[in-house]
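Just below is one structure, and these are the notes that go with it.
The values are calculated or read from the model by the stated rules, or taken from the named source; none is laboratory data. Worth saying up front: this structure is predicted, and the values here are computed from it rather than measured. A quick note on method: Cβ atoms are made from the backbone with ideal geometry, for glycine too, and the neighbour counts reach across all protein chains shown.
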Amino acid sequence: MIHLPILKATDRKWETDPSQAPTHDLKDEIFQLEKEGEWIVQRVPEPYFEVKTKYGRIKKIPLEKTWHHKSCGQCGHIPGYSTSIFWLNRQFGLDYHDPTNQTSCTAWNYYASATSNPEAQAAVAIRNFASAYKTGYFPLIHCGTSFGHYKEVRHALVHQPELRRKVKKIMDRLGLPFVIPEEIVHYSEWVYAMRDRIAERQVIDMSHIVATVHPACHYHKLIEEDAIYSEEIYGAQRTAIVTGTLQALGVQVKDYSTWFDCCGFGFRHILVSRDFSRSFAVQRKIEVMKEEANPDVVVTHDTGCVTTLDQSQFAAKAHGKKVGVPVMSDSQMAALAMGAHPYKVLQLHWHNTNNKPFLEKLGIDWKKKWDEFEAECEKIRKGEKAYLTWEDADA
Amino acid sequence: MEFALDLSANKYADVPYEEKERLFNEMKSDERWPHVLYGCYECGICVASCPSARFYDFSPRIIAQAAAREDVDLLYTLMNDSVWDCSQCFSCDRCPRGNSPGQIITVMREVAVRNGLQSAKEALEGYGRIIYKIMSTGTQVSPDMLQPNAFPDWGGHVNEISEHLEVWRKALPPETLHTTETGWKVDEKTLIELYLIWHMTGVMDMIEQIDEGLYMILVDVMEERLEDAGYDVTFD
């Protein structure tokens, strides 16, 4: 393997200018199509944050009234990821909706098996958007792949009248409105927009923590112009997402040379060809991070990335690879900083790589916390309570 | 250095050119094709950023070039022996020519599935349970998939999760996550709408081509639910 030197920041000031953008702003066409009666555009509810995207355009991020488009991988296998997003909303007293009238975007399967087609994928997306619209809440997409895929779907619907016609016909038959949100918003953009407020409520010092960030491919490579960038972070030469959040929490974010590489998830590979996913995650990501930055934690913002980077380390350890770095999402890190329970909220027992030394470094008595969680589980086992409630989580 | 991928036309010499051309025309007629393929500078940026190229005998550049040259024989070989190695991360979207080799591959895979190519069936072997899960329940992976025999390389922690699954799911504060067979609680009406989408968009026809057994199981599940909801829908 060739190790490239990490580029140092220069004194050059990079300023984004939307008028120089190599792509046109899709929003003009989205609203034009609404004027022509093609669809309804669901507006971002006020109040909202304004953030800059890659070419300096402004993107609106809603504060609340959010409809949480959950992620199947997060909810199924690392549920503390989604729980932390909800917990953050609750801590700030924000109004949100956790729907049951929601399907997966089905894009994981599409990218894995191709057993679908653009018409079906667009119909699934619009069905979910219609469901959000009917509640009056605005979609906040938890999964990076859903986020990227929905941007692709929106792009296709804008540019392909025939596809729009087919999807409209399906929505009519389902008795649902044809709705497109004004913005496609990923939850990590909301966390980024909230980062200063989160930092104001921080109770756990993280200034001695070193983290490496893995930006999710489907966040910043699919319709790349719609990802958040900041002149303050890497001179706006790479996405500011996650890094900006961690820096607000005082975490030392260290760079590494393979930051652009994917995690190795591969969609099909993580399920039926995991030798590839393991090899890539360990050799191109975790080992490089260890060697160049030696982080206490790897932080990312997508389902597959947390899964692949975390789960792949077990088998690699048996082969003497340089592994052993816990992996979590930005939502979990933000919640932890604000004092969330590592097991009742972050649900770290669903993660694989040993995260106890990391918790100890933060001054968290993980044994005591685990005993507290176990006591709650015991009550559930004995039938003394049906479920762990939000009140229990903060007790 | 010996390569695993045979790019000569020898392997598929017995497949009539007309058949290869028919499949290529299917790719080319896809509405996305002109938006994801503009030519190729042969710069190799796509290969440099490609994760699959590091561990497989796989090259997004070769695929983009073959597509740009309309090399029907080579595209047939690649559609059978290469496209399933792609990670679909779209790192290759940084192509200076504006190509998306990943999207070209998406189209090629769809053509392979729609036509029931044996190579596609083999690539998706063992994957049927995932298709079943997403198409029938609306969520792709479920907590009860975390079984040690499914993820032996993830270690004893999977065993622990599966052992405590029922209780640990109840120990999740969000009410929608108390499920074990789906990622979250999905409404019955939502599933009906999803089934109708599969029905109206020809996705079930694709499943029938790739896995007849899976198709029959899905038809049973969907038709029963649709019938109970008052829909007279058959997938025949």
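Worth pointing out:
- Qualifying residue in the stretch B:29-39 (condition: of a type outside the set (A, V, I, L, M), farther than 15 Å from B:ILE104 by Cβ and in contact (Cβ under 8 Å) with a residue 12 or more places away in the chain): no
- Members of the stretch A:123-149 found to be among the hydroxyl-bearing types (Ser, Thr, Tyr) and within 20 Å of B:LEU191 (Cα to Cα), listed by number: A:SER131, A:TYR133, A:THR135, A:SER146
- A:ILE209 vs. criteria over 30 Å from A:GLU291 (Cβ atoms) and more than 13 Å from chain B (Cβ to nearest Cβ): no
- When residues of the stretch A:276-302 are limited to those that are farther than 13 Å from B:PHE151 by Cβ and at the interface with another protein chain (Cβ under 9 Å from one of its Cβ atoms), the one surrounded by the most Cβ atoms within 10 Å (Cβ to Cβ): A:PHE280
- Any chance A:LEU359 is closer than 24 Å to B:ALA171 by Cα and within 14 Å of another protein chain (Cβ to nearest Cβ): no
- Taken over the stretch A:249-285, the criterion of being out of contact with any Leu (no Cβ under 6 Å at 6 or more places or on another chain), closer than 17 Å to A:ARG238 by Cβ and among the hydroxyl-bearing types (Ser, Thr, Tyr) is satisfied by A:TYR256, A:THR258.
- Of the criteria (1) within 14 Å of chain A (Cβ to nearest Cβ); (2) in contact (Cβ under 8 Å) with a residue 12 or more places away in the chain; (3) among the acidic types (Asp, Glu), which one B:ASP93 fails: (2)
- Check on B:ARG54, touching a Gly at 6+ places or on another chain (Cβ under 9 Å) and either in a helix (DSSP H, G or I) or on the phi < 0 side of the Ramachandran plot (or both): no
- When A:VAL124, A:VAL153, A:VAL158 are checked against the criterion of being hydrophobic (A, V, I, L, M, F, W, C), within 30 Å of B:TRP84 (Cβ to Cβ) and more than 8 Å from chain B (Cβ to nearest Cβ), a single residue qualifies: A:VAL153.
- Within the stretch B:214-231, residues that are in contact (Cβ under 8 Å) with a residue 40 or more places away in the chain reach partners that are aromatic (Phe, Trp, Tyr) and part of a helix (DSSP H, G or I) with beta carbons closer than 8 Å, at six or more positions or on different chains, in the pairs B:LEU214/B:TYR132; B:ILE217/B:TYR132; B:LEU218/B:TYR132; B:MET222/B:TYR195; B:MET222/B:TRP198.
- Residue match in the stretch B:131-142 (condition: over 29 Å from A:GLN102 (Cα atoms) and either at the interface with chain A (Cβ under 7 Å from one of its Cβ atoms) or assigned to a helix (DSSP H, G or I) (or both)): no
- Yes/no for A:THR353 being within 26 Å of the chain's Cα centre (by Cα), free of Cβ contacts under 8 Å to residues at least 24 places away in the same chain and within 11 Å of another protein chain (Cβ to nearest Cβ): no
- Candidates A:ALA316, A:ALA386: the one that is of a type in the set (Gly, Ala, Ser) and facing chain B (nearest Cβ under 9 Å) is A:ALA386.
- Selection status of B:LYS133, within 29 Å of A:GLN311 (Cα to Cα), at pLDDT 95 or above and not aliphatic (A, V, I, L, M): yes
- For the stretch B:34-51, a residue qualifies if it is within 23 Å of the chain's Cα centre (by Cα) and assigned to a helix (DSSP H, G or I), and the qualifying residues are B:PRO34, B:HIS35, B:VAL36, B:CYS46, B:VAL47, B:PRO51.
- Number of residues in the stretch B:174-191 that are aliphatic (A, V, I, L, M) and either more than 9 Å from every other protein chain (Cβ to nearest Cβ) or surrounded by 23 or more Cβ atoms within 10 Å (Cβ to Cβ) (or both): the value is 1.
- Verdict on A:ALA315 being surrounded by fewer than 22 Cβ atoms within 10 Å (Cβ to Cβ) and among the small types (Gly, Ala, Ser): yes
- Residue list for the stretch A:93-121, filter: facing another protein chain (nearest Cβ under 10 Å) and either of a type in the set (Phe, Trp, Tyr) or closer than 18 Å to A:LYS169 by Cβ (or both): A:TRP108, A:TYR110, A:TYR111, A:SER116, A:ASN117, A:PRO118, A:GLU119, A:ALA120, A:GLN121
- Matching residues in the stretch B:40-67 - criterion: being buried (at least 18 other Cβ atoms within 10 Å of the Cβ) and among the charged types (D, E, K, R): B:ARG61
Let's see how each residue does on (1) more than 28 Å from B:ASP93 (Cα to Cα); (2) among the small types (Gly, Ala, Ser); (3) not assigned by TED's automatic domain parsing to the domain that holds A:ALA112:
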{"residue": "A:ARG268", "(1), (2), (3)": "no, no, yes"}
{"residue": "A:VAL272", "(1), (2), (3)": "no, no, yes"}
{"residue": "A:LYS285", "(1), (2), (3)": "no, no, yes"}
{"residue": "A:GLU291", "(1), (2), (3)": "yes, no, yes"}
{"residue": "A:ASN294", "(1), (2), (3)": "yes, no, yes"}
{"residue": "A:ALA318", "(1), (2), (3)": "yes, yes, yes"}
{"residue": "A:LYS321", "(1), (2), (3)": "yes, no, yes"}
{"residue": "A:VAL325", "(1), (2), (3)": "yes, no, yes"}
{"residue": "A:ASP330", "(1), (2), (3)": "no, no, yes"}
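- The set of residues in the stretch A:221-238 being more than 19 Å from A:ALA293 (Cα to Cα) and either basic (Lys, Arg) or in contact with a helix residue (DSSP H, G or I) (Cβ under 8 Å, 6 or more places away or on another chain) (or both) consists of A:LYS221, A:LEU222, A:ILE223, A:GLU224, A:ASP226, A:ALA227, A:ILE228, A:TYR229, A:SER230, A:GLU232.
- Within the stretch A:223-253, tally of residues that are within 24 Å of B:CYS46 (Cβ to Cβ) and in contact with a His (Cβ under 7 Å, 6 or more places away or on another chain): 4
- Residue pairs meeting the criteria (Cβ under 6 Å; at least 6 apart or on separate chains; first more than 7 Å from chain A (Cβ to nearest Cβ), in the stretch B:148-173; second outside any helix (DSSP H, G or I) and among the hydrophobic types (A, V, I, L, M, F, W, C)): B:VAL158/B:LEU146; B:VAL158/B:PHE151; B:SER162/B:LEU146
- Helices (runs of 4 or more DSSP H) contained entirely in the stretch A:185-281, each with at least 1 residues that are in contact with a strand residue (DSSP E or B) (Cβ under 8 Å, 6 or more places away or on another chain): A:187-193, A:217-220, A:243-248
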